[in-house]
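Working notes, structure below.
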There are 2 protein chains.
Amino acid sequence: MSSRKEILVFDNIPSLRSWRQQYIKQDKQVAFIPTMGSLHEGHLSLVKQGSQHCPIVVVSIFVNPAQFAPNEDLDKYPRTLSNDLELLRSLDCVDAVFLPKVEEIYPYGIPLDVEKQKGAFVEVRDKSHQMEGKSRPLFFRGVLTVVTKLFNIVQPNCVFFGQKDAQQCIVIRTLISDLHFPIEMHVGATGREYDGLAMSSRNKYLTSDQRNYATTLFKGLSAIKNEFDQGEKNREILLNKGYELIEKVTKEVMEKNLGFELKLDYLSLVDPRTLEELQEIEEEKGAILSG
Amino acid sequence: MSSRKEILVFDNIPSLRSWRQQYIKQDKQVAFIPTMGSLHEGHLSLVKQGSQHCPIVVVSIFVNPAQFAPNEDLDKYPRTLSNDLELLRSLDCVDAVFLPKVEEIYPYGIPLDVEKQKGAFVEVRDKSHQMEGKSRPLFFRGVLTVVTKLFNIVQPNCVFFGQKDAQQCIVIRTLISDLHFPIEMHVGATGREYDGLAMSSRNKYLTSDQRNYATTLFKGLSAIKNEFDQGEKNREILLNKGYELIEKVTKEVMEKNLGFELKLDYLSLVDPRTLEELQEIEEEKGAILSG
């Protein structure tokens, strides 16, 4: 008795392409939401937005090895496929899920040692090495390369990304406009838990103690935002509000001896267009605050 | 009384895109021949091949600044637009010519100093730094980036490149397959003058004395090919045949004091698949000899 839309699952490029072809001929617009799986409300909200813009919705689930550094969590990145498919079915608006194999996306292989990597790669110069790019230098090259491949395979009319990854959104926006992809980009607001923690597949790694302190960054960013709302526009003063709060909590965690430590990677306050660090926020231009 | 096909000329991306759109809906295949203009028989032969494969033929003419080094001939590269259009009209099979402006293709600008270049760039690792890439290190990044942009704008079903640029063909083939462009690539034989000189827009630079000696490379390559046809498979012996001939002519030019010198950049004998230099040619694999 279920009237749910059936989801087609494609695990290889030719089968997806040949299904996609019919909508090119019918001139039906396709929305595409690329994910690494382990879906949460943040993803689902992007999928719903996609279905409001286009009659056809495609979601990909692909844990992209090229965006992990050798010391990162590629192997233990959460993979929850049957649950993901169940969540997507419950939305009743997804037409197809694309689950490609690593060997098909990267025919030249993708060794974690980047020096050994062969084949085609895409970079955005001057925007990929700031902010998050400083601590994860090849992360964006991996993201941009896989996104380009997926765009060429799925040939979407619209794509949807989450604002949580602010710099990623800006870099992908540059990719689309500068390489002239015939694609419209949409950015969805960051999904957050009840206490402000940004939804993320990696939140599953957290113990309950860690989870309690995981909102520290959000609290630091909020403190800065408050200060800004009260009229402060100077970088040092604004960021110090965040540093103070985060340092205080970091100390607290250390003193309580909980078996883990908090470590602030970076706080960044940049021009939304150029990603250059700002000394002073101009009201009309705005700024991206992130950490 | 002329029954010639009229050629539409587009000088910006939106107008080309909107014209292109109708053939997407009609599912009519489009052949695309990217050029830097200054067309010769080599180009025209590719265009004719394109028209044999697809009902719609698009030619682009765009002198791509990103593939010139600061010391190269960007400014004096021959530009012969009205003659090019006349030649294309005479073929009676071209539907559209795309003449984009540098500012539209490279919205972030494209300073010759690569350190200052911003925006998205495409590279093929491990194939772009051999052979010609050794003497022109950023040449292929420039080619691959502009080709990606043009592919995304024109959205061709088939593309046509000349075999003269053997390494370029291999690198673009990797680009298409590895980034999963939905495009079929065709390679046309090298157009040659009566005496074997490969047709090239840059041949126009040659004085008549220079033109007389411009076939030296072809003669060297032919000597190697002859030796190979007689059963020789060893790299040193084969390449030496070429080096000897070219050295002899180089000396002759010097002694005649003609006001120019011949200079051999490189001779290369590589595996057609991996572009690795070969010590010994295997009959079934073949080899690319170039210089």
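Below is a table of values for the structure above.
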| read-out | value |
| --- | --- |
| Order of A:Y266, B:Y194, B:Y106 under a 10 Å beta carbon neighbour criterion, fewest first | B:Y194, A:Y266, B:Y106 |
| Mean Cα-pair separation over length for chain B, i.e. relative contact order, pairs under 8 Å, 6 or more apart, % | 18 |
| ³J(HN,Hα) computed for each position of segment A:274-281 - Karplus, 6.51 cos²θ - 1.76 cosθ + 1.60, integer Hz, glycine/proline x | 9, 6, 7, 4, 9, 8, 8, 8 |
| Assigned charges on the beta-carbon of Lys, Arg, Asp, Glu; segment B:158-263 dipole about Cα centre (debye) | 160 |
| Footprinting exposure proxy for A:V102, A:V187 (fewest neighbouring C-beta atoms within 10 Å first) | A:V102, A:V187 |
| Pairs beyond 23 Å (Cα-Cα), from A:K285/B:K149; A:K28/B:K28; A:K101/A:K149; A:K285/B:K118 | A:K285/B:K149 |
| Cα gyration tensor of segment B:55-112 - equivalent ellipsoid semi-axes, whole Å, descending | 26, 15, 8 |
| For B:G109, label point 7 Å along C-beta direction: distances to other copies, nm | 4.3 |
| Order of B:K263, A:K164, A:K25 under a 10 Å beta carbon neighbour criterion, fewest first | B:K263, A:K25, A:K164 |
| Candidates A:Q52, A:Q230, A:Q163: whichever shows maximal mean-square fluctuation once chain A is modelled as a Gaussian network with Cα springs under 10 Å | A:Q230 |
| Two-decimal ratio, segment A:158-225, of alpha-carbon radius of gyration to 2.2 N^0.38 Å | 1.39 |
| Rounded to 10°, Cα long-axis angle of helix B:235-256 versus longest principal axis of chain B | 90 |
| Cα principal axis extents for segment A:8-188, largest first, Å | 43, 33, 30 |
| Inter-copy spacing of A:L206 label points, which lie 7 Å from Cα along Cα→Cβ, given in nm from shortest upward | 7.0 |
| Kirkwood Rh in Å, taken over segment B:228-286 so that all alpha-carbon pairs contribute | 13.3 |
| Only Lys, Arg (+1) and Asp, Glu (-1) charged, at Cβ; chain A dipole about Cα centre in debye | 840 |
| GNM top mover of A:M254, A:M199, A:M185 - chain A, alpha-carbon springs below 10 Å | A:M254 |
| Per-pair calculated FRET efficiency, R0 = 30 Å: A:E72 and A:E247 via Cβ, rounded to 0.05 | 0.70 |
| Relative contact order %, segment A:1-112, counting alpha carbon pairs below 8 Å whose residues are six or more apart | 40 |
| Amide H partners (placed H, <5 Å) of A:T80, local residues excluded | A:S38 |
| Convex hull (Cα only) mean projected area of the protein assembly as shown, reported in nm² to one decimal | 34.4 |
| Relative contact order computed over segment A:84-219 (Cα-Cα under 8 Å; 6+ residues apart), in percent | 15 |
| Highest-fluctuation residue, B:V249, B:V270, B:V97 considered, GNM on chain B with Cα pairs under 10 Å | B:V249 |
| Using θ = phi - 60° and Karplus 6.51 cos²θ - 1.76 cosθ + 1.60, couplings along segment A:210-222 (whole Hz; Gly, Pro as x) | 4, 4, 4, 9, 5, 7, 4, 4, 4, 5, x, 5, 5 |
| Segment B:151-291: proportion of alpha-carbon pairs further apart than 24 angstrom, % | 43 |
| Inter-copy separations for A:H186, label at 7 Å along Cα-Cβ, nm, ascending | 3.9 |
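Any read-out appearing in this document is the output of simple, stated calculations on the displayed coordinates, not a laboratory observation. Quick caveat, the model's predicted, so the values are computed rather than measured. Every residue, glycine among them, receives a Cβ derived from its backbone with ideal geometry; neighbour counts consider all protein chains shown.
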